[in-house]
Each structure stands twice: as C-alpha cells, then as structure tokens.
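Take a look at the structure below.
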Amino acid sequence: MTTTTSLPPALAARVTDLRSPSAFGSVLGDVRSDAIALTGGSPALEALPREALVAATATVLADAPRAARALDYSAHQGHAGLREWIAAREGVDAGRVVISNGALHALSLTFLATVDPGDTVVVEDPVYPLVAKVLQLAEARVEAVPVDADGLDVAELERRLEAGLRARALYVVPDFHNPTGRVLSAGRRERLVELAELYGFLVVSDNPYVELRGTGDRLADLDLSSDRVVHVNTFSKTLGPGLRLGWAVLPAAVVPGFLDLRSRLDQHASSLTQEIVAEYVGGGAFDELVAAASALYRRRAVTFTDALSEALGDAVAVSAPDGGVFAWPRLVDDRVSVADFARSAAANGVLVIPGEQFAVDSPDAARHFRASFGQQNKETLVEAAARLGTAYAELETT
Ligand code: PMP
C-alpha cells in the first residue's frame, strides 16, 4: 500500500496552537527526597468531613429510589436540592444556579459561552494561571491590570476604559486571591460592578476561598442583582477537590446558552457526587465545618509567616493573609533572584512557586513566591521556614 505525505496530523490546531507556559517542575532543579511541598492549593485532610461523607454516601445508596437517581443520568443544570441550597446562600433564584465539575469547569464554560475569539478579557496581574490557559482556549486577548494591597486596581481599570479599552469580560478573585492572598476592598467591589454596567462587560467573580476567612469581617460579594455579574464557587476547598463539584450563578439571560454548551461537553456533573453533597449540606453541618477549617488555616498562616519572618529576618516582607491558604512573601533585596531562591529551597527540601509563574506583565510578582500553608501541620511549617532560611543563607554565600 502506498502512503501519501499529506495525511492529517493527529492533533487539531485548537490543541497544537496552545502555547505551553514554562513547566514549573523544570524550574526547580534538584529536589530533596524528603521535600515539604508548599505548592498546592488543596485543603488539609483533617479539615474535611470524612466521616460525614461516608455516612452521606451510605444514606444515598441504601435508599433504592435515591440510589437509582444517584446512579443514573440527571439534569444538565444540576441537582435541584443542591441548587436550592446554593441559591439560598447566594440570595438568588435557583434558576440561575448551574452545578459544574469544580470551579475551573464553571469558568471554562462561562468564558466559552460569553467571549468570542479576539475579544478582550481583563485579568488580575498576577493571575491564577489555569484561567489564563482557559482564556487561550477561548482565543481571548488578555488585558492585565495590576493587583495592589486592596486587590485589583479598579482605578487603573477605569483609566484604561476611559482611554478606550473595550472588554467583553473581566476575571477577578475577590477574597484571598490566588496567589497574593489579598482581598478586593468594598469600595472597589461596588465600583467594579458600576463600570461593568457602564461599559457592558461581564464580571466573573471566582471565589473558592471566601468561606475560609480566618480573621476580620466578611465583605459583601459582588452584587448579583446586576445582570453583568457571574459568581463561580466550588466545594474543592471545603469538602475536597477530588469531588469535582462547583457552581456558577449566572445572569438569567446567560443560562440557556451556558446549558447548550454544557450539553455538548459533559451533560452534567456526577449525579452520585451531587446526591452525596446534597445529603451532607442538607444535614446543616457546613457552616460549622468551614468555621473549624478557617480557624485551622488561620493558626497555620500565623505559624508559618511568623516562622518565616524569624528565619529570614529583614530579607523577607511577609504577613499572614486574612484567609485562604496562600502566603505571598516578597524578597526584599532586588539583587536576589526569586527563581534562584526557589531552586535553593528545593535543594534544601521545600517547594515553593516563584511569583513569575503567576505574572502576566507584573515585574513586582517576580519579587514574590507563593507558599501554601494549608496542608502542613505546625511542626512541618516551622521546619519548612527554617529550611527556607538555610536556602536563603546559602544563596547569599554562593
Ligand atoms: N480558582 C482559583 C482561584 C483556584 O485557586 C482554584 C484551585 N486552585 C480553582 C479556581 C479551581 O477550583 P476547582 O478545583 O474547583 O476547579
């Protein structure tokens, strides 16, 4: 049989055109075998309701009609009872709630359903990198607006809008932003929604850490009575990312298109997982769970940042975030490369992520690193900080 040279390639251009950001693993070099990983954003196993989930699973499967529902196909929009529970917490009609396979899935569906190729989407700089990848898939043009101590710099956004910037959507993590841990101030939340209405863009608020406030009062969420606001959230940080369960609260006009798209991709989130989580939250223990988890992460935040300040002294600027699981320390001396520090840290047995991995344009992000304290106990966090101190000292002497 003869072959031709014009056989089609195995992969579609949609995939081969994706630009691959630098692989984080290759940045770190040698890693000590007993390394403490401060890299992930996962919750601590001891903060998750294991026993209650065992009980909820048994309850769901022991009841034949319920088991039949849990093991069958179900509605595209999601489990009705779970949507009602979410809608009551978010203060919206359940018709606006769609259950997804986690927050990232809800974000992908939202951007693919509302942004055309070539449209501009505003993101925070630094940004949660997986969303930057989703925007690549949606063929969006990315406009980066810096984050400062009060979160996204909304005044800077306003200046650019006044100067002619036209955006289709904006992505923001209002509470305990990944990676900086910062909180968008109340005034900026209000102004952002006003700007969205004035200029006609969609504000996509992604708030997976909002329940994990360790200190201070919770701020009001971005105003969902505006038809320019989407809320995305997830059970990943409270019940476990392995459940792959999250949701979007959408403007009513967006729901049908979002579900049309969804029906062509995955149909619906796992019926079984939704039944189990509906059973769990229906038991009324969710608020108690997140209060205990928030207190645990708060203790860990203070332990880690205090220990880091002690280990690195004036070389580091760090404070405990008010919630979430990320510290965002800054190396004060500009002559010290944070990438070199992360490599030295890996060799000394601690994995952290250099800030440049989250940067779009921001030169400031490259002065920071992200360290997740959520999954490690007190002793491990103190040990990690001591190793980071050694890593810094070795860097200074080489
Ligand atoms: N958004 C942000 C800001 C996150 O930090 C994460 C998890 N690291 C996600 C979304 C993804 O959440 P999920 O696992 O529910 O998809």
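Please treat every number below as a calculation from the coordinates, not as lab data. What you see is a predicted model, and the numbers here were worked out from it, not measured in a lab. Neighbour counts run over all protein chains shown; Cβ positions are idealised from the backbone, glycine included.
Of note:
- Of R299, R32, R228, the one that fluctuates the most in a GNM where the chain has Cα springs shorter than 10 Å: R32
- Dividing the summed -39500 (n - 2.57) terms of all DSSP H runs of n ≥ 4 by the residue count of the chain sets its mean residue ellipticity at 222 nm at -12500 deg cm²/dmol.
- Against the rule of thumb 2.2 N^0.38 Å, how large the Cα Rg of the stretch 338-398 comes out: 1.16
- Calculated over the stretch 183-277: convex hull of Cα atoms, volume per residue (Å³): 117 Å³
- Across the stretch 178-183, rounded Karplus estimates of 3J(HN,Hα) from the backbone phi angles (6.51 cos²θ - 1.76 cosθ + 1.60, θ = phi - 60°) give 9, x, 7, x, 7, 10 Hz, Gly and Pro being marked x.
- Packing-based ranking, highest mean first, of 279-289, 7-17, 200-210 given that Cβ atoms within 10 Å are counted: 200-210, 279-289, 7-17
- Listed peptides 53-60, 214-221 appear in the order 53-60, 214-221 once ranked by packing, highest mean of other Cβ atoms within 10 Å at the front.
- The HN-Hα couplings worked out from phi for the stretch 274-287 by the Karplus form 6.51 cos²θ - 1.76 cosθ + 1.60 (θ = phi - 60°) are 5, 4, 5, 5, 4, 5, 5, 5, x, x, x, 9, 5, 5 Hz, whole numbers, x standing for Gly and Pro.
- Distant-in-sequence amide H partners of S100 (H built 1.01 Å from N, under 5 Å): G246, W247, A248
- Given charges at Cβ of Lys, Arg, Asp, Glu: the stretch 50-283 dipole, positive-most of G78, G151, G214: G78
- Grouping the Cα pair distances of the chain into 10 Å bins from zero gives a pair-distance distribution of 5, 21, 29, 25, 15, 4, 1, 0 percent in increasing distance order.
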